[in-house]
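Enquirer: Mind looking over this structure? Questions follow.
The values are calculated or read from the model by the stated rules, or taken from the named source; none is laboratory data. Please read all numbers here as calculations on a predicted model, not as lab measurements. Cβ placement follows ideal geometry from the backbone for every residue including glycine, while neighbour counts extend to all protein chains displayed.
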Amino acid sequence: MPIRYEPPSPRDLRALKERLNYSGQQMADLFGLASKEQWRKYSGDGAPRSMSLPMLFLAGALLHRTATVDQVFDWCREVGATIEIKEALPPQVPDGEPHP
């Protein structure tokens with residue numbers, strides 16, 4: 001299943017931090033980073049790193065633990081990411097049934 005992904009901008013990530021009212025260390029913990037200095041590498045100015053989809057998805061899943069996968073992807077989009085999921089495989093069919 002191909003996924004087209006464009007990460008949220010550093011500005012989007014700073015806005016998320018503000019919206020959550022989290023410290024730099026809390027944001028680092030949410031995204032699975034070692035320290036607030038690592039967080040700044042994604043949210044800072046200059047030549048910031050791009051936030052990977054797995055890291056962004058992890059943060060969304062941790063914030064919304066009962067959400068479905070689609071709901072977490074929607075959250076990622078709300079944060080500023082572009083995510084397009086293209087169905088490449090036919091739907092799964094239970095074992096023993098013929099494929100359409």
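Enquirer: Within the set of pairs 6+ apart or on separate chains, which have a first residue in the stretch 17-43 that is more than 15 Å from ALA59 (Cβ to Cβ), a second that is modelled with pLDDT under 95 and not in a helix (DSSP H, G or I), and C-beta atoms under 6 Å apart?
Expert: Going by the 6 Å Cβ cut-off, the qualifying pairs are LYS41/ARG49.
Enquirer: One residue is enough: does the stretch 26-35 have a residue meeting the conditions in a loop (DSSP other than H, G, I, E, B) and at positive phi?
Expert: Yes, the stretch 26-35 has at least one match.
Enquirer: Can you name the condition, by its number, that LEU20 falls short on among (1) surrounded by fewer than 18 Cβ atoms within 10 Å (Cβ to Cβ); (2) under 13 Å from the mean Cα position of the chain (by Cα)?
Expert: LEU20 satisfies every listed condition except (2).
Enquirer: Also: Condition (residue is at pLDDT 95 or above and more than 19 Å from ILE83 (Cβ to Cβ)) applied to the stretch 42-57: is it met by at least one residue?
Expert: Checked against the condition, which is being at pLDDT 95 or above and more than 19 Å from ILE83 (Cβ to Cβ), the stretch 42-57 yields no hits at all.
Enquirer: Does GLN26 qualify as being surrounded by 15 or more Cβ atoms within 10 Å (Cβ to Cβ), among the polar types (S, T, N, Q) and over 14 Å from the mean Cα position of the chain (by Cα)?
Expert: Working: surrounded by 15 or more Cβ atoms within 10 Å (Cβ to Cβ): no; among the polar types (S, T, N, Q): yes; over 14 Å from the mean Cα position of the chain (by Cα): yes.
No; evaluated as a whole, the condition is false for this residue.
Enquirer: Let me spell it out: the conditions are (1) of a type in the set (Ser, Thr, Tyr); (2) within 21 Å of THR82 (Cα to Cα); (3) over 14 Å from the mean Cα position of the chain (by Cα), and THR66 meets all of them except one. Which number is the exception?
Expert: Checking THR66 against (1) of a type in the set (Ser, Thr, Tyr); (2) within 21 Å of THR82 (Cα to Cα); (3) over 14 Å from the mean Cα position of the chain (by Cα), the one that fails is (2).
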